[in-house]
1. Could you order peptides 72-78, 94-100 by the average number of other Cβ atoms within 10 Å of their residues, highest first?
2. If ligands, DNA and RNA are left out, what is the accessible area of Asp47 with a 1.4 Å probe, given in Å² to the nearest 10?
Amino acid sequence: MKVTLLQEQGSDQTAMQVLFLELEQHLKSSSGASVVAIDNKIEQAMDLVKSHLMYAVREEVEVLKEQIKELIEKNSQLEQENTLLKTLASPEQLAQFQAQLQTGSPPSSSQSQGTTQQPAQPASQGSGPSA
């Protein structure tokens with residue numbers, strides 16, 4: 001797409017240069033009677049610019065639509081992961097996380113790992129003798 005856009009930009013630029021050179025030559029060689037021809041050349045140049053801009057905008061819209069689609073998919077995946085993590089977390093971990101959110105401190109990986117290991121050890125010791 002970008003190669004086509006660059007090629008089109010090059011051809012548009014060449015066409016614009018030709019139009020402006022013709023316009024300049026026409027202005028040097030003509031009198032006030034050729035105002036209509038000048039207006040036509042200006043209109044052609046403006047139409048060329050307009051079509052080029054519309055093409056560039058359409059290309060950008062397609063890129064942005066694709067990015068939005070990817071972000072929606074990523075958001076959905078993260079929401080599912082968040083839900084899973086909430087269901088797997090212990091009440092103590094959730095309380096600690098809520099406290100960190102309220103204080104604004106980021107959760108540290110060593111604290112969350114330590115919290116995960118501590119409840120697991122008493123639970124395994126408690127289940128061992130009762131079994």
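1. Numbers: 72-78: 10.0, 94-100: 13.1.
Going by the mean number of other Cβ atoms within 10 Å, highest first, we get 94-100, 72-78.
2. 80 Å²
The values are calculated or read from the model by the stated rules, or taken from the named source; none is laboratory data. No experiment lies behind these values; they were computed from the predicted model shown. As a convention, Cβ positions derive from the backbone with ideal geometry for all residues, glycine included, and neighbour counts pool all protein chains shown. These accessible areas exclude ligands, DNA and RNA; they are computed on the full protein's heavy atoms, side chains included. Shrake-Rupley method; radii C 1.70, N 1.55, O 1.52, S 1.80 Å.
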